[in-house]
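Heads up, the thing below is written out as structure tokens.
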Amino acid sequence: MPVQAPPTASPSQESLLELFPPGTALADDGALVIGGCRVTDLAERFGTPALIVDEAALRSQARRYADGLAARWANSRVAFASKAFPCTAVYRLLAEEGLSIDVAGGGELALALAGGVAPARIVVHGNAKTDAELRMAVDAGAGLIVIDNFDDIDRLERIVADEQPVLVRVTPGIRPDTHAAVSTGQEGSKFGLTLSQAREAIARLRGSSRLRLDGVHVHIGSQILDTEPFARAVEAVAALGAFAVYDLGGGLGARYTYDDRPPSVEEYLDTLVDAARRVLPEEAHVIIEPGRSMVAESGVTLYRVASVKRGEPTFVAVDGGMADNLEVALYGQRFEATVATRVGGGDPCHLVGRHCESGDTLSAEAPLRDPRPGDLIAVPVTGAYTYSLSNNYNGALRPPVVFCQGGDARAVVRRETYGDLLRRDLP
Ligand SMILES: *Cc1c(COP(=O)(O)O)cnc(C)c1O
């Protein structure tokens, strides 16, 4: 029988770092260093919980996507699905990298414009757009509005004065292997039109003088860990005919745990573009809309341990939880965690938050090494859908977002104050 490695060496420190942004290192005393910044310094300066973003890692993922798609299909662009991380600094950074931006509704549109995104590069989504939101998108000069239903057509016909380019969103009847809450391409989905409804919408739009039908859109879900459904989605939209634009959506999964093996960006692009070469017109403009896989891996949340309750299991409770990370409660997303100053395996602990729900868990079996009150805990891969789903449950103050690069750290979103909690209440 092989000799068992002691628990502190399993998984190794090197493999533990695999989930952190590239370039994350360990200081001589064992503390994590993210974007050149020691976690202890970050916690002291910005407090906890705090969402730390490795700026270089985020830029490099944007380039990987944009360059990777352009190398395979030159007439293309990447639109960041901004609901995954909608703060102005992220909009600004990704716009600087030349990306287009997806928004769902007026709020994200306002944020994108405030982040300096060129209106022509904005794609507007939503299955329940209001007249006010449609008017706002048209007035702003949004590059594309995605038609989700026949009411969108009726309303835009009334609102648009000159000409508005649009896409038609199709639900192709594909159910990828992901959590039901984030599956959107199956039959019976509330999003988009069935293939036969889409054909009807296309016919109507072709007769419209103000709505210019540029093409079709498909998005089958999120945290998809297999490339094959993406190819089937391309085939489904191709069956609707030849168009100038095909928006193939997002949905590639991120690597959250050591066991996850999502396809790489390159494997995903290979599958998508292979399918496009087979079935789409070669002069077509191809758009993809990654959200989660663009931002997840550049984010790390830092918490401080409030209490350790030893037993079966040992509960390690921190100063955040489901108010800053709702992914666990919403979709059962699994996260890893480590003591940020003593990286490396320890006995499995139940890492929980401070909120009044038993489902307020961050990591069910985190191998924390000798956790004590006051320790810093790092939860990697929290760049996607944490900030956007954060909330004030139990009067929680939403955490700051801190960009780190080359040893410099700057807050791009400040922590909320108790004053913020009171700001909307009227006497
Ligand atoms: C959410 C969404 C995306 C992005 O999905 P991810 O899983 O975050 O990549 C892309 N397109 C549309 C229309 C979406 O609603």
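The values are calculated or read from the model by the stated rules, or taken from the named source; none is laboratory data. Note that the structure is predicted; figures quoted are calculated from it, not measured. For neighbour counting, all protein chains shown are included, and Cβ atoms are generated from backbone atoms with ideal geometry for every residue, glycine included.
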The range 122-135: number of residues that are surrounded by 19 or more Cβ atoms within 10 Å (Cβ to Cβ) and at negative phi: 7
Residue check, G383 within 22 Å of F46 (Cβ to Cβ) and not in a loop (DSSP other than H, G, I, E, B): no
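Select from the range 208-221 the residues that are aliphatic (A, V, I, L, M), outside any loop (DSSP other than H, G, I, E, B) and under 26 Å from the mean Cα position of the chain (by Cα) and list them in ascending order.
Just the residues of the range 208-221 that are aliphatic (A, V, I, L, M), to begin with: 211, 213, 216, 218, 220.
Going one step further and asking which of them are outside any loop (DSSP other than H, G, I, E, B), we end up with 211, 213, 216.
V216 - this is the single residue of the range 208-221 that is aliphatic (A, V, I, L, M), outside any loop (DSSP other than H, G, I, E, B) and under 26 Å from the mean Cα position of the chain (by Cα).
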In the range 227-250, the residues that are in contact with a Gly (Cβ under 6 Å, 6 or more places away or on another chain), among the aliphatic types (A, V, I, L, M) and either within 16 Å of the ligand (Cβ to nearest atom) or touching a residue at least 60 places away in the same chain (Cβ under 8 Å) (or both): V245
Subset of the range 134-149 that is within 15 Å of the ligand (Cβ to nearest atom) and of a type outside the set (A, V, I, L, M, F, W, C) - its residue that is nearest to A81 (Cα to Cα): G143
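Quick check on V160: is it within 13 Å of the ligand (Cβ to nearest atom), touching a residue at least 24 places away in the same chain (Cβ under 8 Å) and crowded, with 16+ Cβ neighbours inside 10 Å?
Values: within 13 Å of the ligand (Cβ to nearest atom): no; touching a residue at least 24 places away in the same chain (Cβ under 8 Å): yes; crowded, with 16+ Cβ neighbours inside 10 Å: yes.
Here the answer is no, as V160 does not meet what is asked.
Residue by residue, here is whether (1) out of contact with any His (no Cβ under 7 Å at 6 or more places or on another chain); (2) at pLDDT 95 or above; (3) more than 16 Å from the ligand (Cβ to nearest atom) holds:
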| position | (1), (2), (3) |
| --- | --- |
| Y258 | yes, no, yes |
| D274 | yes, yes, yes |
| E289 | no, yes, no |
| K309 | yes, yes, yes |
| F315 | no, yes, yes |
| R354 | yes, yes, yes |
Only one of A137, A114, A110, A120 that is among the aliphatic types (A, V, I, L, M) and touching a Phe, Trp or Tyr at 6+ places or on another chain (Cβ under 8 Å): A114
Members of the range 61-92 that are away from the ligand (no atom under 14 Å from the Cβ) and among the hydroxyl-bearing types (S, T, Y): S76, T88, Y91
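Residue-wise test of (1) farther than 22 Å from G30 by Cα; (2) free of Cβ contacts under 8 Å to residues at least 24 places away in the same chain.
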site: V379; (1), (2): no, no
site: S388; (1), (2): yes, no
site: G395; (1), (2): yes, no
site: P400; (1), (2): yes, no
site: D408; (1), (2): no, no
site: Y418; (1), (2): yes, yes
The range 59-115, residues that are surrounded by fewer than 19 Cβ atoms within 10 Å (Cβ to Cβ), of a type in the set (V, I, T) and in contact with a strand residue (DSSP E or B) (Cβ under 6 Å, 6 or more places away or on another chain): none
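Hey, could you check the range 166-192 for residues that are of a type in the set (A, V, I, L, M) and at pLDDT below 95 and say which is surrounded by the fewest Cβ atoms within 10 Å (Cβ to Cβ)?
Within the range 166-192, the first condition is being of a type in the set (A, V, I, L, M), and the residues that meet it are 166-168, 170, 174, 180-182.
Okay, now just the ones that are also at pLDDT below 95, so 174, 180-182.
Values: I174: 21, A180: 9, A181: 12, V182: 18.
The residue in question is A180.
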Among (1) touching a helix residue (DSSP H, G or I) at 6+ places or on another chain (Cβ under 6 Å); (2) within 28 Å of R64 (Cα to Cα) - the single one G299 does not satisfy: (1)
Enumerated helices (runs of 4 or more DSSP H) restricted to the range 24-115, each holding at least 3 residues that are in contact with a Ser or Thr (Cβ under 7 Å, 6 or more places away or on another chain) and not small (G, A, S): 55-72
Flag if A104 is assigned by TED's automatic domain parsing to the domain that holds Y268, away from the ligand (no atom under 11 Å from the Cβ), among the aliphatic types (A, V, I, L, M) and out of contact with any Asp or Glu (no Cβ under 6 Å at 6 or more places or on another chain): no
Any hit, the range 229-237, residues being in the same structural domain as S60 (by TED's automatic domain parsing), surrounded by fewer than 18 Cβ atoms within 10 Å (Cβ to Cβ) and assigned to a loop (DSSP other than H, G, I, E, B): no
